[in-house]
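Structure first, commentary second.
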Amino acid sequence: MKALSLFFCLFLGSLGSSAQSTDNHLTVLGDASEEVPADQATLNVNLSYSDEKDITLVYEQHKTGRERLMALLTELRVPAKDIQLLQLMVRKERDFSMGGGGMGQPVEKFKGYQRIAIKFDDLKRYAQVQQRLASDGFIDLSSVFSVSNQREIELRLSDLAIAKAKEKAERMAKAISRTIKRVVRIGDIEETEAIGYVRANQNNIYMNSYTMDVNRPVSTIAQQFRLTTSVKVVFEMN
């Protein structure tokens with residue numbers, strides 16, 4: 001019996017922190033991952049205009065730029081429901097650049113900012129619109145890629161992680177001539193146990209953003225995500 005207990009301790013030690021055992025319970029960590037391509041994108045067009053003296057000129061410049069952008073999107077047949085105009089913000093700033101009165105002599109000016117977000121469910125269509133906007137002078141662009149079926153992937157990976165934990169627990173129980181009776185509890189792994197794991201609920205795990213370089217082809221932007229789910233499962237043994 002001592003030899004059997006020693007064997008079980010060595011078996012647990014070989015698995016590191018992925019399993020813990022009490023007299024009648026066995027705690028096992030399971031994980032699953034999947035490479036998933038992005039299938040959605042949001043293209044952000046950032047409008048910015050300024051004037052040193054007249055704030056009304058800033059509003060007029062924004063109105064002109066916004067109307068030109070909307071006309072171009074209409075020409076490109078982008079549905080209005082996929083376009084979101086964020087609120088225009090205008091404020092007074094100090095310009096410390098060399099052209100603003102010389103080094104150490106800041107010039108105050110009025111500056112306006114507005115973002116227009118365009119959503120796409122087709123990445124080929126996204127690339128076409130992006131390139132057309134850039135060629136027409138809208139070069140302050142940023143993008144966010146995402147995965148549409150996020151919840152479905154989470155559930156599938158969770159089921160797979162639990163199945164792997166059960167398989168591991170059955171091997172360990174068999175090593176000491178016991179069997180798994182039932183699952184007692186399923187939960188996320190603790191932070192102290194998360195080394196080497198990526199939490200399934202980590203913020204923005206399904207999103208990848210970048211600021212556009214007009215000379216950089218969209219095909220060079222990372223659009224692949226490695227999604228990982230980790231769980232802790234407590235089993236009761238017979």
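The values are calculated or read from the model by the stated rules, or taken from the named source; none is laboratory data. Only a predicted model underlies this, so the values are computations on that prediction, with no experimental measurement involved. Ideal geometry is used to build each Cβ from the backbone, glycine not excepted, and the neighbour counts take in all protein chains shown.
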| Conditions (1) under 30 Å from Arg66 (Cβ atoms); (2) without any contact (Cβ under 8 Å) to a residue 24 or more places away in the chain; number of the one not met by Glu167 | (1)
| request: Determine whether Glu52 is surrounded by fewer than 16 Cβ atoms within 10 Å (Cβ to Cβ), in the same structural domain as Val183 (by TED's automatic domain parsing) and over 16 Å from Gln130 (Cβ atoms). | output: no
| field | Any hit, segment 55-65, residues being modelled with pLDDT of 95 or more and under 23 Å from Val147 (Cα atoms) | value | no
| task | Only residues that are in contact (Cβ under 8 Å) with a residue 60 or more places away in the chain, of a type outside the set (A, V, I, L, M, F, W, C) and either buried (at least 19 other Cβ atoms within 10 Å of the Cβ) or more than 12 Å from Leu69 (Cβ to Cβ) (or both): list them for segment 110-124, please. | result | Lys111, Gly112, Tyr113, Gln114, Lys119, Asp121
